[in-house]
1. Evaluate the following for Y214: is it assigned to a strand (DSSP E or B) and in contact with a Gly (Cβ under 8 Å, 6 or more places away or on another chain)?
2. Determine if the stretch 297-306 includes at least one residue that is out of contact with any His (no Cβ under 7 Å at 6 or more places or on another chain), modelled with pLDDT of 85 or more, part of a strand (DSSP E or B) and β-branched (V, I, T).
3. Sort out which residues of the stretch 104-115 are surrounded by fewer than 19 Cβ atoms within 10 Å (Cβ to Cβ) and either within 23 Å of E59 (Cα to Cα) or touching a strand residue (DSSP E or B) at 6+ places or on another chain (Cβ under 8 Å) (or both), and write them in order of number.
4. State which residue is nearest to D323 (Cα to Cα) when the search covers only the stretch 180-211 and only residues that are assigned to a strand (DSSP E or B) and either among the charged types (D, E, K, R) or modelled with pLDDT under 70 (or both).
5. Considering the stretch 44-99 alone, what residues qualify as being touching a residue at least 24 places away in the same chain (Cβ under 8 Å) and acidic (D, E)?
6. Name the residue that is modelled with the highest pLDDT, counting only residues in the stretch 39-61 that are within 23 Å of the chain's Cα centre (by Cα) and more than 15 Å from G320 (Cα to Cα).
7. Collect the residues in the stretch 122-168 that are in a loop (DSSP other than H, G, I, E, B), among the acidic types (D, E) and without any contact (Cβ under 8 Å) to a residue 40 or more places away in the chain, keeping them in residue-number order.
8. Of the conditions (1) closer than 21 Å to I223 by Cα; (2) without any contact (Cβ under 8 Å) to a residue 40 or more places away in the chain; (3) in a loop (DSSP other than H, G, I, E, B); (4) not hydrophobic (A, V, I, L, M, F, W, C), K316 satisfies every one except a single condition; which number is it?
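The values are calculated or read from the model by the stated rules, or taken from the named source; none is laboratory data. Predicted model, so just to flag it, every value in this text is computed and none were measured. Positions of Cβ are backbone-derived with ideal geometry, glycine not excepted, and every protein chain shown enters the neighbour counts.
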Amino acid sequence: MNKKLWLFLFLGIFVASFSYSLLVMKKDDLASYFLEGQVKKQKTGKRIFKDVELRKLFELNYNLFLPLMVKVDKFGSAYVVDYGDIKVKKFASDGRFIMEFGKGKGQGPGELLNPTDIAIDDSLSLWVCDAYNSNITIFDRGGGVKKILKLNVPALRISLLKDGKFIVLKFTDFEIYDINGRSLLKFTDELIQRRFNNPLFWNAFIENDGKFLYFILDQLGYIICVDLKDGKVKYRVKTIDDLAPPKLIFIDVNGAKVTKLKREGNLQFLILNINLVDSLIFNHVYASGKKDELTIVDAYSKSDGSYLYSFKIPEKFKYGYFDGRYYYGVR
């Protein structure tokens, strides 16, 4: 079958099934996705703010049109996914713009259509997940295309392992590949299976420390730790916000049923990035409301997911990255 025809059929079936699942879902159904009894709650019910000295705070703003993600390499250079021109922008550790990766929108070598995640390896090569093109493009440190790995299913998130191996989050499971794109291990979890048919589960983040994979479901407020040896879940815990199921609202737009999720409360907390530093998980949280906006970093223990403390970033950034010393933010 023609590749384009297959892709359109797949997308058509997927959109239709996804839309149907939203239409038939009742409000009470959302609560069942929270796996009550299987997810540990935090001991404290509110944030504990402490003073954390940021050695430096860098604002990344040069030539950015629609920034949606920030990652940092081992030397402190920052990489920003810019959906405005479908490229990745690199900044020096002091915030100066250095270069950009990608040739813009397209399906040719070095071109991108829907970059969903990035990772930087020890050689400073940039790995870019492109869900629409169903591939991972590896750019060398100079911006040239080093390798393109074709996958049978779009990769939504990526986390790098040693020896060129890497983990991707797909629609319903995780998969570990070698440097040539050969599958080595596939594993899943009940929550990962459910996210395919539920709008709550679409946004997620993954990182690993070589032994365990840390999986964050921001809309549900879950931190899940998975053992990379066998794919078994070590723990599931709720974040400090302990989010309750949002209301599922159906509205009519020009005769069509549209589903929206609505949360109660003045502030809406969104986890927009995570990273691992030593024994800690840092969640970058953006809290927005009618009267206020806050940028917060929450710290959790890697060993059991327990909440430890939080600190506020002095300025308001929607997207950012804290590496344990410096904070890199974009508005």
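1. Answer is no for this residue.
2. Within the stretch 297-306, not a single residue is out of contact with any His (no Cβ under 7 Å at 6 or more places or on another chain), modelled with pLDDT of 85 or more, part of a strand (DSSP E or B) and β-branched (V, I, T).
3. Selection gives G104, K105, G106, P109, G110, E111, L113, N114.
4. The selected residue is E207.
5. D51, E59, D73, D94
6. R47
7. D140
8. (1)
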